[in-house]
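The values are calculated or read from the model by the stated rules, or taken from the named source; none is laboratory data. Nothing here was measured: the structure is a model prediction, and the numbers come from that model. Cβ atoms come from the backbone with ideal geometry, glycine included; neighbour counts cover every protein chain shown.
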Amino acid sequence: MGLTLLFFFIVVSFLIVRVGAVALELSGLQRNKARFQALSAFTGTGFTTRESEMIVNHPRRRRIVTFLMILGNAGIVSVIATFVLSMVSSQGILRPSLKFVGIVIFVLAFFWVVSREKITSVLTEKIKQKLMTHMDLERITVEEVLHQAQGYGIAIVEVSQTSRLAGLPLALADLRNQGITVLSIERDGIPIPIPSAQEEIRLGDRLVCYGLLESIRELAL
């Protein structure tokens, strides 16, 4: 019984972290940062100063991280308690050493399975659909990071399937005439600084733009 509960809490903890990561991603946070921040909040390991500001200054992210912290405290205590219970219980036919080996094998096998890209993509997409359907969470495709006088500032625009920019080179996107300068493009976590006019805008790109924030917000429509 102790081993069954331990395996159950490990699986549930993983799902909680993954749901939190997807929710943070929907708030406009980059995927790799969202996953790291969700794991940090759940385990209580903290954040770097710069990334903590990205959380505490954003109401939705603050709520998500708060729930992760609360559930993380309960989850870690449950995992530790069930681990100790499974090792010291006098019931059962397995010796503690064999139980420990079984736990290690289960953990390694479980994380090997969930680390497969195909499985991860399917699971992430299903969680995303559930959050957007049942919790009224919508993907934020424009994140304002700097405000200046007269409506100018810097914002990050994620190129979604509905964006008119996908597939166009920067020259044909005609952003200059709208008073928008693309400072860099983040693609698969890799920055492309000062992109050339021939650089093609791809689905999933994150454009770091400077200009009138109202004009930048219209890019996501």
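Meeting the requirement of 2 or more residues that are at pLDDT 80 or above, charged (D, E, K, R) and touching a Lys or Arg at 6+ places or on another chain (Cβ under 6 Å), no helices (runs of 4 or more DSSP H) wholly within region 1-108 can be named. Checked against (1) assigned to a loop (DSSP other than H, G, I, E, B); (2) within 19 Å of Gln30 (Cα to Cα), Gly167 passes all but condition (2).
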